[in-house]
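Below is one structure, written out as structure tokens; comments come after it.
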């Protein structure tokens, strides 16, 4: 057993979900937090797991990714089509942490992240986000690792709160989990696919739950995450005033932007506050 998995059951567990983590993607505010926040929370005595998409630009050999056969092999149905779920893992030795990667040939094995070489937004980014979020939940179920709190950052993770509260609420692995959604500096122009709200629907997720993303703009996708989150973090300095007002009117706990020197301590305190809040 590797060192950082040798932890006691008494520790609180935090699941980190991010679309960017250094060193796998270039440094940005999100990828920096994706890299250093889990380490900081682990060093404060919590058990962690970390997930990101296996975008095609990530060099598997250099970063020593390898497939976890026991976790792979499931098919996820997105928009009436089967898509195999492949799980890979790599270690950041200096941080004593592992990163799990959600992979699929159709969605992630292309050489760019969110836009193509011409800067055009991928038309299937909505389905990629759905696959990623569901892939994380299904993998954590297979790991049989019940988180106390889920932290997700950026619009690509915006479906995590609604999936937790509606689709996985009865699953014993997630029954007691809280979720914090964090905005980031990843705003996209225009809208996701016009059928995005239909593709999210399940037996447990109804049309009324996703009414707000009938116009799937960046602001509305973020609002959907706010609707089902237990706490909200503003991860970037310049927040859309519409989003800021919407968050404040929600009455939910909010953590304002923190600088690089303070954010780990501030996030840690905020996580504890959310974990301790009764459902």
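A compact table of results
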item: Estimated FRET transfer efficiency (residue 276, residue 105; beta-carbon r; R0 45 Å; 0.05); result: 0.60
item: Max mean-square fluctuation residue, GNM over the chain, Cα-Cα springs under 10 Å, options 95, 229, 247; result: 95
item: Residues of segment 197-233 with amide N under 15 Å of a point placed 7 Å along Cα→Cβ from residue 77; result: 199-205
item: Alpha-carbon centroids, segment 202-263 and segment 156-176: separation in whole Å; result: 16 Å
item: Prolate/oblate/rounded call for segment 131-279, Cα gyration tensor, a/c under 1.5 rounded; result: oblate
item: Residues 277, 183, 139 arranged by fewest to most Cβ contacts within 10 Å; result: 277, 139, 183
item: For segment 58-204, alpha-carbon Rg over 2.2 N^0.38 Å; result: 1.07
item: Gaussian network model of the chain, springs between alpha carbon atoms under 10 Å - residue of 209, 80, 185 with greatest fluctuation; result: 80
item: 222 nm mean residue ellipticity, helices alone, for the chain (DSSP H n ≥ 4; -39,500 (n - 2.57); rounded to 500); result: -8500 deg cm²/dmol
item: Candidates 61, 134, 96, ranked by Gaussian network fluctuation over the chain, Cα under 10 Å, top entry; result: 61
item: Globularity index of segment 10-276, i.e. its alpha-carbon radius of gyration over 2.2 N^0.38 Å; result: 0.93
item: Packing-based exposure ordering (other Cβ within 10 Å, fewest first) of 77, 114; result: 77, 114
item: Counting DSSP beta bridges with both ends in segment 10-276, the antiparallel % (nearest 5); result: 40 percent
item: Solution diffusion estimate, µm²/s, Stokes-Einstein, segment 57-138, Kirkwood Rh from C-alpha pairs, 10 °C, viscosity 1.306 mPa s; result: 115 µm²/s
item: Cα-projected label distance for residue 193 with residue 64, points at 7 Å along beta-carbon direction, nm; result: 3.8 nm
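We did not get these values from a lab; they are worked out from the coordinates using the rules stated. This structure is a prediction, so every number in the text was calculated from the model and none was measured. Cβ atoms come from the backbone with ideal geometry, glycine included; neighbour counts cover every protein chain shown.
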